1. Calculate one ³J(HN,Hα) per residue across region A:111-124 by plugging θ = phi - 60° into the Karplus curve 6.51 cos²θ - 1.76 cosθ + 1.60, and present them in order as whole Hz with x for glycine and proline.
2. Find the relative contact order for region A:260-321 and round it to a whole percent, using C-alpha pairs within less than 8 Å whose residues are 6+ positions apart.
3. Rank these residues by their accessible area, most exposed first, probe 1.4 Å: A:74, A:379, A:290.
4. Report the local net charge at residue A:329: Lys and Arg +1, Asp and Glu -1, summed over other residues whose C-beta lies under 12 Å from its C-beta.
5. Enumerate the amide H contacts of residue A:47 below 5 Å, restricted to partners 5 or more residues apart or on another chain; note that Pro and chain-start residues carry no placed amide H.
6. Quick one: accessible surface of residue A:213, probe radius 1.4 Å, all protein chains present, in square angstrom to the nearest 10.
7. Give me the net charge of residue A:55's neighbourhood, meaning all other residues with Cβ under 13 Å from the Cβ of residue A:55; Lys, Arg count +1, Asp, Glu -1.
8. Just tell me how shielded A:7-15 is by partners: mean number of partner chain Cβ atoms within 10 Å of each residue's Cβ, no decimals.
Amino acid sequence: MAPLEPWEKVLINGAVFTETVHGHIDCADCHQGDQLAADKEAAHTGLVSRPSKDAETVCGECHHNILATQDSSLHNTLAGYWTVLETRSVPENHATLGEMFGNHCGTCHTTCGDCHVSQPHEVGGGFINGHVFQRTPSMTRNCTACHGSRVGNEYLGKNEGIRADVHFRQGRMTCVSCHTGAQMHGQASNCNDCHAGPVDATLPERRHRYEGIQTPSCGSCHPAATTGQDGIEMHAQHSADLSCQVCHSVTYTSCDGCHVAISERTGNPFFATEATYLTFFIGQNPIRSLQRPYRYVPVRHIPIAPTSYEFYGENLLPNFDALPTWAHATPHNIQRNTPQTESCNACHGNAEIFLTADKVKPEELEANRPVIVEIVPPLLGVTLTNGITVTNGITTTGALPPAQTTP
Amino acid sequence: MSQQIKTLVFTLVGFLILALGACSQAAVPIQTITILPEAAPTVTAVATAAITIPIEVAAVEEAPPNECLVCHTEKQRLIDTADPEEETPSESTGVG
């Protein structure tokens, strides 16, 4: 995303904007200020440049149905961060971590305008289309402006030597093709808010993105594949115990410890990550659930270290080992054919692509015990003794046709 | 004997009241018919007064034009009036 010139950020497309619904609203209704003042300085006194920071009052006046669910939107709550911070810390550290969060993590909080009017404030802001409200956010100027270093680079094929996601490369699908507005705006707190039902069905608050029903889900478009009913042997064998990405994603980005601080020189917050590198490792699913029953998932190293927040205080994460540093990942570089889909033994017996203990830093072994693969699935199609063959994890007797022994 | 006279007097007075009451009710429709034509000018007068109402509505101030657009739709004006941006290079390193 190219940075905009200062004038470019605030130039309104008068011809188009004034013909839109929002163009019929008095500027001051949302932005305040004094538009009858004689000069710029006076006109901008009391100006609210990002009115949707108070979405309830400004946007909610008309879009009350969307605002009704925003408290459950992870874009709004950033609840995933707090789930991790609270799990790794102790209550007496929460206040200090709250200060850190406000200075660093909290700046990623998304407002309505950050998706529908402007480029996100965190990456410089500026109107997307002359203040004309966009029902559908721009993939590159909104979504990947924030989700760029991992998701954006993977999906658009910006990691050297790695092709773009097939959904983009061949389908020209954008983020919202899968991540619909309804998902982005949060969910109702009770099923009965939308569907008439005889019983109360209060939904639990989502604490992170892999909690609750899969939205989006590969199965929404590929139901036969995800249920193993499309005639492909690997789908029949593994649709329940492998996430789709285990076989259909390729090398993706991992990061090492992120450290945050406030600059002594400028007073601005900044961060530094220790390292960024490409990996592909299959680990055990640390959060198996009804909705994500997979035994194996891809895992990526996340930018966390015991000392990540030491600028704010010592030992702020005393329960650091409560969560893995290799986290369940859903890489956005899906391919129909990958090294894993070449044969069963691309994975079976291939310790290279599994997150085994030798690939984990010694100081992180305890934290990653839930994801480390202790025993690599054995090679298939190997005749152990005369007439006994191992295929798909099942030891059988008798000769099997080649196509079945190594599909 | 005097008791019978009292009863007779009360009965006669009762009949007299009922008779007078019946006569007065019969007069009401006649009065209404007489009044109706007089009421018509009153309605006209009310309608005439209503003409003043739009004047009051017109007295409400019209919403001011979106003066912000005068500047914010002119590229050159924005360039000329832009505050110089302070260069504060980020000290962040690595991938965020």
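1. 9, 4, x, 5, 10, 10, 10, 10, 5, x, 4, 4, 10, x
2. On the way: 52 pairs, mean separation 16.5, N = 62.
Rounded, it is 27 percent for region A:260-321.
3. Details: A:74 55, A:379 85, A:290 155 Å².
Ranked from most to least accessible, the order is A:290, A:379, A:74.
4. Numbers: positive: A:150, A:209, A:300; negative: A:154.
Charge balance in the 12 Å sphere: +2.
5. It is A:33, by chain and number.
6. We get 110 Å² for residue A:213.
7. Details: positive: A:50, A:53; negative: A:54, A:56, A:61, A:71, A:114.
In short, -3.
8. Details: counts 10, 4, 2, 5, 8, 8, 2, 6, 1.
Across the residues of A:7-15, the mean count of other-chain Cβ atoms within 10 Å is 5.
The values are calculated or read from the model by the stated rules, or taken from the named source; none is laboratory data. Model, not experiment: these values are computed from the prediction. Neighbour counts are summed over all protein chains in view; Cβ atoms, including those assigned to glycine, are modelled from backbone coordinates with ideal geometry. Ligands, DNA and RNA are excluded from the accessible area calculation, which covers all protein heavy atoms including side chains. Shrake-Rupley method; radii C 1.70, N 1.55, O 1.52, S 1.80 Å.
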